[in-house]
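Trainee: I'd like to ask some things about the structure below.
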Amino acid sequence: QKEVEQNSGPLSVPEGAIASLNCTYSDRGSQSFFWYRQYSGKSPELIMSIYSNGDKEDGRFTAQLNKASQYVSLLIRDSQPSDSATYLCAVNPGGGADGLTFGKGTHLIIQP
Amino acid sequence: EAGVAQSPRYKIIEKRQSVAFWCNPISGHATLYWYQQILGQGPKLLIQFQNNGVVDDSQLPKDRFSAERLKGVDSTLKIQPAKLEDSAVYLCASSYLAEEQFFGPGTRLTVL
């Protein structure tokens, strides 16, 4: 059973601070990793993808991948109230066009 | 570029009734996915199409769920008969570069 684990939260972070979201996965052979943001009542929106060990930065977002530890994280710098949402970690176990395995998501609250 | 289109957006039915959902992927996207998202959970893959063909339907409850993708573009997902536990959001996603998947707005199904 391929699993993706996330702390469900809520994670409360003051406005302007760094929000750190974590995810672990069970399938050591997993190839690609994604972070989706989901506002209440809306569908998931892709915000970051990462395929190799290390950091990948895009604006205020940084994804970090450590395949040896089977660990993925998302950092959000200068957090804004509009970042308040559920963040879903998704893993593509086999690479290519395989379906994704999602975690349950972490509910992030940015406090003004 | 238009996104993934889905209809209807909301559907309420009685248990044992049937229901169908429609999805139109992003133009040119060969791969189409149907996910089920139960409240408080991450999306779960039901079925994946590559053009007309089914790639993965291992998690599709085939005794009541069916899906087709005629002509390699639009897709329909059907439930017959519906059960109370089928209440969920049904998300359609598509991908072109084999990795990144983009979601439609979803269909929220309530089974009474």
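The values are calculated or read from the model by the stated rules, or taken from the named source; none is laboratory data. Small disclaimer: the values here were computed from a predicted structure and weren't measured. Please note: Cβ atoms are built from the backbone with ideal geometry, for glycine as well, and neighbour counts cover all protein chains shown. Surface areas here come from the heavy atoms of the whole protein model, side chains and all, with no ligands, DNA or RNA. Shrake-Rupley method; radii C 1.70, N 1.55, O 1.52, S 1.80 Å.
Trainee: Bin all alpha-carbon pair distances of segment B:27-76 at 5 Å intervals from 0 and give each bin's fraction as a whole percent.
Mentor: 5, 22, 29, 22, 15, 7, 2
Trainee: Hey, another quick one. What average number of partner chain Cβ atoms lie no more than 10 Å from the Cβ of the residues making up A:96-108?
Mentor: Mean inter-chain Cβ contacts per residue within 10 Å come to 6.
Trainee: Working only with C-alpha atoms, what are the Rg and Dmax values of segment A:1-83, expressed in angstrom?
Mentor: In Å, with Rg to one decimal and Dmax whole: 13.1, 39.
Trainee: Please compute, for peptide B:99-105, the average count of beta-carbon atoms on other protein chains lying within 10 Å of each residue's beta-carbon.
Mentor: If you average over the peptide's residues, the count of other-chain Cβ atoms is 6.
Trainee: Of all the stretches in chain B, which is the longest one without any exposed loop site, taking GluC sites (Glu not before Pro) in a DSSP loop (any state but H, G, I, E, B) with at most 12 other Cβ atoms within 10 Å?
Mentor: B:15-112
Trainee: Mean 1/r over all different Cα pairs, inverted: what Kirkwood radius does segment B:37-112 give, in Å?
Mentor: Taking the inverse mean of 1/r over all distinct Cα pairs, segment B:37-112 comes out at 13.4 Å.
Trainee: Among B:44, B:71, B:83, which one shows the highest mean-square fluctuation when chain B is modelled as a Gaussian network with alpha-carbon springs under 10 Å?
Mentor: Answer for the Gaussian network model of chain B: B:71.
Trainee: Once you charge only the Cβ atoms, +1 for Lys and Arg and -1 for Asp and Glu, what is the size of the charge dipole of chain A about its Cα centre, to the nearest 20 debye?
Mentor: Charge dipole of chain A: 140 debye, to the nearest 20.
Trainee: Tabulate in residue order the Karplus-calculated ³J(HN,Hα) for segment B:14-25, using 6.51 cos²θ - 1.76 cosθ + 1.60 with θ = phi - 60°, rounded to whole Hz; enter x for Gly and Pro.
Mentor: After applying 6.51 cos²θ - 1.76 cosθ + 1.60, I find 8, 4, 6, 7, 10, 8, 9, 10, 10, 9, 10, x Hz.
Trainee: Let me ask something additional. Which semi-axis lengths, in whole Å and largest first, follow from the square roots of five times the eigenvalues of the Cα gyration tensor of the protein assembly as shown?
Mentor: Taking √(5λ) for each Cα gyration eigenvalue gives 30, 20, 16 Å.
Trainee: Okay, moving on. Tell me the net charge near residue A:37. Cut-off is 10 Å between Cβ atoms, residue A:37 excluded, with +1 for each Lys or Arg and -1 for each Asp or Glu.
Mentor: Within the 10 Å Cβ shell, the charges total -1.
Trainee: Now for a separate question. Where a Cα-Cα gap under 24 Å defines reach, which lysines qualify for residue B:44, not counting those fewer than 8 residues away within the same chain?
Mentor: Counting by Cα, and skipping residues close in sequence, residue B:44 has these lysines nearby: A:2, A:42, A:67, A:104, B:11, B:15, B:62, B:78, B:83.
Trainee: For residue B:22, what accessible area in Å² do you get when you roll a 1.4 Å probe over the heavy atoms of the protein chains, rounding to the nearest 10?
Mentor: Residue B:22 exposes around 90 Å² with every protein chain in place.
Trainee: Here is a further query. Could you tell me the extents of segment A:56-112's C-alpha atoms along the three principal axes, largest first, rounded to whole Å?
Mentor: 40, 21, 21
Trainee: A further question follows. Using a Gaussian network model on chain A with a 10 Å cutoff between Cα atoms, which of A:52, A:32, A:40 fluctuates the most?
Mentor: Comparing A:52, A:32, A:40 in the GNM, the peak value goes to A:40.
Trainee: Roughly speaking, what is the stretch gain from residue A:20 to residue A:3, that is 0.36 nm per residue apart minus the C-alpha to C-alpha distance, in nm to one decimal?
Mentor: Net length gain for the segment: 4.1 nm.
Trainee: Among B:75, B:95, B:18, whose mean-square fluctuation peaks in a Gaussian network model of chain B (Cα, cutoff 10 Å)?
Mentor: Between B:75, B:95, B:18, it is B:18 that shows the largest mean-square fluctuation.
Trainee: What is the list of residues in segment A:64-80 whose amide nitrogen lies under 16 Å from a point 7 angstrom out from the Cα of residue A:28, following Cα to Cβ?
Mentor: Only A:66-71 pass the distance filter.
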